Amino acid sequence: QVQLVESGGGLVQPGGSLRLSCAASGSIFSINDMGWYRQAPGKQREWVATITSGGGTNYLDSVKGRFTISRDNAKNTGYLQMNSLKPEDTAVYYCNAQVLATTRAYFEVWGQGTLVTVSS
């Protein structure tokens, strides 16, 4: 009943920027925490950033000062602004959300992933 659709990935040069979007759709009553994770080639998936329903944020140390997580509750959409990108940021990025459906069922939902490649 609830789906997350990610967009905004692509190929950028080191030092460049990308903005990822995560749009939630379906029978949504509210969204609690939203987060971003990434999985680099040959590595485990790692947490990148979280934003609470009230706007509180937390970040992986290696992206602090470069990435900004945000959300637009009216649009049921989350964002990850990625600046000063480095080759080590190359990964598939996944959106995650804790969703309360209109039925009052509670779900943890994942997006399909979007590829970010940082290379010269």
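The values are calculated or read from the model by the stated rules, or taken from the named source; none is laboratory data. Everything quoted here is computed from the prediction, not taken from an experiment. With ideal geometry, Cβ positions are generated from the backbone for all residues, glycine too; neighbour counts draw on all protein chains shown. Note: accessible area is taken over every heavy atom of the protein model, side chains too, but ligands, DNA and RNA are not part of it. Shrake-Rupley method; radii C 1.70, N 1.55, O 1.52, S 1.80 Å.
Within segment 4-30, being under 14 Å from the mean Cα position of the chain (by Cα) and farther than 14 Å from D89 by Cβ holds for L4, V5, E6, S7, S21, C22, A23, A24.
Of the residues R66, R38, R45, R104, only one is among the charged types (D, E, K, R), in contact (Cβ under 8 Å) with a residue 12 or more places away in the chain and surrounded by 17 or more Cβ atoms within 10 Å (Cβ to Cβ); which? Don't jump to the end; show me each part of the working.
Numbers: R66 fails: surrounded by 17 or more Cβ atoms within 10 Å (Cβ to Cβ); R45 fails: surrounded by 17 or more Cβ atoms within 10 Å (Cβ to Cβ); R104 fails: surrounded by 17 or more Cβ atoms within 10 Å (Cβ to Cβ).
Within the list R66, R38, R45, R104, the selection yields R38.
Does S62 satisfy the criteria of being modelled with pLDDT of 95 or more, touching a Phe, Trp or Tyr at 6+ places or on another chain (Cβ under 7 Å) and of a type in the set (G, A, S)? Considered against the rule, which asks whether it is modelled with pLDDT of 95 or more, touching a Phe, Trp or Tyr at 6+ places or on another chain (Cβ under 7 Å) and of a type in the set (G, A, S), S62 comes out as no.
For residues in segment 73-89 being touching a residue at least 60 places away in the same chain (Cβ under 8 Å) and more than 15 Å from L11 (Cβ to Cβ), which is surrounded by the most Cβ atoms within 10 Å (Cβ to Cβ)? Can you show your working first?
We begin by selecting, within segment 73-89, every residue touching a residue at least 60 places away in the same chain (Cβ under 8 Å); these are 79-87.
Next cut, more than 15 Å from L11 (Cβ to Cβ) only: 79-81, 83-84.
On the way: Y79: 21, L80: 27, Q81: 14, N83: 14, S84: 13.
Taking the candidates together, the pick is L80.
If you scan segment 11-46, which residues turn out to be assigned to a strand (DSSP E or B) and at positive phi?
G26
Contact annotation: residue pairs with Cβ atoms under 7 Å, 6 or more positions apart or on different chains, pairing a residue in segment 1-12 that is more than 15 Å from Q112 (Cα to Cα) with a partner that is exposed (fewer than 13 other Cβ atoms within 10 Å of the Cβ), are Q1/S27; L11/S119.
Of the listed requirements (1) polar (S, T, N, Q); (2) open to solvent by less than 70 Å² (accessible area, probe 1.4 Å); (3) farther than 17 Å from A91 by Cβ, Q1 misses just one: (2).
Please go through segment 56-88 and give me each residue that is over 21 Å from S27 (Cα atoms) and part of a strand (DSSP E or B), ordered by number. Break it down stepwise before answering.
So in segment 56-88, the residues over 21 Å from S27 (Cα atoms) come out as 56-70, 80-88.
Once the filter is applied, which keeps residues that are over 21 Å from S27 (Cα atoms) and part of a strand (DSSP E or B), segment 56-88 yields T57, N58, Y59, F67, T68, I69, S70, L80, Q81, M82.
For segment 89-120, how many residues are within 13 Å of V48 (Cα to Cα) and either not in a strand (DSSP E or B) or not aromatic (F, W, Y) (or both)?
First pass over segment 89-120, keeping only residues within 13 Å of V48 (Cα to Cα): 89-96.
Filter again for either not in a strand (DSSP E or B) or not aromatic (F, W, Y) (or both), leaving 89-92, 95-96.
Counting residues in segment 89-120 that are within 13 Å of V48 (Cα to Cα) and either not in a strand (DSSP E or B) or not aromatic (F, W, Y) (or both) gives 6.
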